[in-house]
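The values are calculated or read from the model by the stated rules, or taken from the named source; none is laboratory data. Keep in mind that this is a model prediction, so the values were computed, not measured. A quick note on method: Cβ atoms are made from the backbone with ideal geometry, for glycine too, and the neighbour counts reach across all protein chains shown.
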Amino acid sequence: MTKRPQISLGLSMRYVGYHAAAWRHPSADPGAASSFQHFLHVARTAEAAAFDMVFLADGIGIRAKDEPPGSLCRSAQTAELEPLTLLSALASTTSRIGLVATASTTYNEPFHVARKYASLDKISGGRAGWNIVTSWSDAEAQNFNRDAHLDYTTRYDRAGEFVEVVTGLWDSWDADAFVHDKQTGVFFDADKLHVLNHQGKHFKVKGPLSVARSPQTRPVLVQAGASEAGMEIAARHAEVVYAVPHDIDTGRAYYADVKNRVEQQGRSRDALKIMPGITPFIGRTEAEAREKYDLLNALVAPELGLSYLYGQMGDLSAYPLDGPVPEPNDPKVRSIAKNLLALARRDNMTIRQLYTHIAAGFGSRIVIGTPSQIVDEMEAWVDAGAADGFNICPAVLPLGLEEFAEMVVPELRRRGLFRTDYAGQTLRDHLGIPVPPSRYAG
């Protein structure tokens, strides 16, 4: 029998979980997002289940607004730990799982990002990944000497150059540059040091990077945008893409589009993994799973639920809550707004129903059922050419992860879809993606 391709599994572990009311769940610690012990337990649980990686999304400001009034004080998505500091701590307390975090190309400099992620990769023994984002909110801009966010075209143009500079800096040293010859007094081979001397539209960076070559050659590049500009960056550079399609046909079309763009860039289709996000509600029976979903939804205050649409699709407060979902009104993230509008129209949702749906998984696809039913759906997406794996976004942490590891992972393994243990040490080993050659090789 032909061996089945193994899926990739990532864990999004931001906040106390991806449901808006996660912090109110009876099992939850409301302050967990500021607790190292919480994240240590989550990371070790994911590692014990052989997940490829844990992932920390990030925003460098509190993006939520008090719209409608009274919503902000009901949100737990307001206080958290800085991702690279947290992942550096987790690197020394885990041994195999990949460690991926977001860093903005708009509010960082390339040298900062290159140095931090190269350091994390060395500290972790080759397990680091950088999730490339441009940021999107004025709240972040106002923390960095701006009144408003950069326009869409400018920030993506800057992002493309930013990634070129970072990857160039990661090639500053050949793997065997440091000879450490005590007899001759030569610390490194000067012929194996490369000075970037980048001069472009947005950046002028001489280099070289003051961190030796990464154990993975370079950290894994991750990208989450579904816009035209975002997909082009993914096609040129990314090795993992997080996606948010809500139906298999949209997922298949997105998958084919991105993979075709990868080939057009002269890369192998297998050099990039596409991992749609899902928020599973798992029960021993379908009724039990539905009860878990309904329990959390009942804990969402109306003010908080409506606020999710402000951030995702613009201000819809002028429309009746029990009326149809209109076209996005000045959306901050166009690709997410497009997907949510398609979902609402497909299922004939009202605004109230849509915000409840978003609140349940912060925009990711909701899957409700038994372990077998959930794996049925995951398997269908992989077989249809809509996914290489999945980014699991538990509704409540650590509860949702523990249930997934206990009930869903064994079913994946029974069907030959997921490994029983790690096959290598690095994140690239886990994902089965190639080591990129240095631009100076040969």
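What are the pairs, 6+ residues apart or on separate chains, where a residue within the stretch 84-98 that is within 19 Å of Ala114 (Cβ to Cβ) has its Cβ under 8 Å from a residue that is β-branched (Val, Ile, Thr) and assigned to a helix (DSSP H, G or I)?
Pairs that qualify, where the first residue is within 19 Å of Ala114 (Cβ to Cβ) and the partner is β-branched (Val, Ile, Thr) and assigned to a helix (DSSP H, G or I), are Ser88/Ile123; Ala91/Ile123.
Which members of the stretch 232-249 meet the condition of being surrounded by fewer than 21 Cβ atoms within 10 Å (Cβ to Cβ) and either aliphatic (A, V, I, L, M) or closer than 15 Å to Arg334 by Cβ (or both)?
Once the filter is applied, which keeps residues that are surrounded by fewer than 21 Cβ atoms within 10 Å (Cβ to Cβ) and either aliphatic (A, V, I, L, M) or closer than 15 Å to Arg334 by Cβ (or both), the stretch 232-249 yields Glu232, Ile248.
When both residues are 6+ apart or on different chains and their Cβ atoms are under 7 Å apart, which pairs have a first residue that lies in the stretch 181-192 and is at pLDDT 95 or above, and a second that is not hydrophobic (A, V, I, L, M, F, W, C)?
Phe187/His180; Lys192/Asp174; Lys192/Asp176
Considering only the stretch 268-350, give the helices (runs of 4 or more DSSP H) lying wholly within it that have at least 1 residues that are at pLDDT 90 or above. Lay out the reasoning, then the answer.
Values: elements: 286-297, 302-313, 334-346.
Answer list for the stretch 268-350: 286-297, 334-346.
Determine whether Arg252 is surrounded by fewer than 21 Cβ atoms within 10 Å (Cβ to Cβ) and within 18 Å of the chain's Cα centre (by Cα). Outline the logic, then answer.
On the way: surrounded by fewer than 21 Cβ atoms within 10 Å (Cβ to Cβ): yes; within 18 Å of the chain's Cα centre (by Cα): no.
Considered against the rule, which asks whether it is surrounded by fewer than 21 Cβ atoms within 10 Å (Cβ to Cβ) and within 18 Å of the chain's Cα centre (by Cα), Arg252 comes out as no.
May I ask you to verify whether Thr105 is in contact (Cβ under 8 Å) with a residue 12 or more places away in the chain, over 17 Å from the mean Cα position of the chain (by Cα) and under 29 Å from Asp388 (Cβ atoms)?
Values: in contact (Cβ under 8 Å) with a residue 12 or more places away in the chain: yes; over 17 Å from the mean Cα position of the chain (by Cα): no; under 29 Å from Asp388 (Cβ atoms): yes.
In short, no.
Out of the stretch 76-102, which residues are buried (at least 20 other Cβ atoms within 10 Å of the Cβ) and either closer than 19 Å to Val300 by Cα or of a type in the set (Gly, Ala, Ser) (or both)?
Listed by number, the residues that qualify are Ala76, Gln77, Ala91, Gly98, Ala101.
Check Val211, Val195 and return the single one that is β-branched (Val, Ile, Thr), crowded, with 17+ Cβ neighbours inside 10 Å, farther than 30 Å from Pro280 by Cα and modelled with pLDDT of 95 or more. First the steps, then the outcome.
Details: Val195 fails: crowded, with 17+ Cβ neighbours inside 10 Å.
Testing whether each residue is β-branched (Val, Ile, Thr), crowded, with 17+ Cβ neighbours inside 10 Å, farther than 30 Å from Pro280 by Cα and modelled with pLDDT of 95 or more leaves just Val211.
Would you pick out the residues in the stretch 44-75 that are acidic (Asp, Glu), surrounded by 19 or more Cβ atoms within 10 Å (Cβ to Cβ) and out of contact with any strand residue (DSSP E or B) (no Cβ under 6 Å at 6 or more places or on another chain)?
Glu47 - this is the single residue of the stretch 44-75 that is acidic (Asp, Glu), surrounded by 19 or more Cβ atoms within 10 Å (Cβ to Cβ) and out of contact with any strand residue (DSSP E or B) (no Cβ under 6 Å at 6 or more places or on another chain).
Kindly list the number of the only condition in (1) touching a helix residue (DSSP H, G or I) at 6+ places or on another chain (Cβ under 8 Å); (2) buried (at least 18 other Cβ atoms within 10 Å of the Cβ); (3) under 28 Å from Ala226 (Cα atoms) that fails for Ser364.
The single condition Ser364 does not satisfy is (1).
Within the stretch 125-143, which residues are of a type in the set (S, T, N, Q) and under 19 Å from the mean Cα position of the chain (by Cα)?
Going residue by residue through the stretch 125-143, those that are of a type in the set (S, T, N, Q) are 131, 134-135, 137, 142-143.
Scanning the stretch 125-143 gives Asn131, Thr134, Ser135, Ser137.
Do we find a residue being closer than 20 Å to Arg290 by Cβ and surrounded by fewer than 19 Cβ atoms within 10 Å (Cβ to Cβ) anywhere in the stretch 412-424? Lay out the reasoning, then the answer.
Filtering the stretch 412-424 down to residues closer than 20 Å to Arg290 by Cβ leaves none.
No.
Of all the helices (runs of 4 or more DSSP H) wholly in the stretch 370-427, which have at least 1 residues that are within 19 Å of His19 (Cα to Cα)?
Where helices (runs of 4 or more DSSP H) fall fully within the stretch 370-427 and carry at least 1 residues being within 19 Å of His19 (Cα to Cα), they are 371-383, 399-403.
Which of (1) among the polar types (S, T, N, Q); (2) within 30 Å of Pro331 (Cβ to Cβ); (3) in a helix (DSSP H, G or I) does Thr78 not meet, given it meets every other one?
(3)
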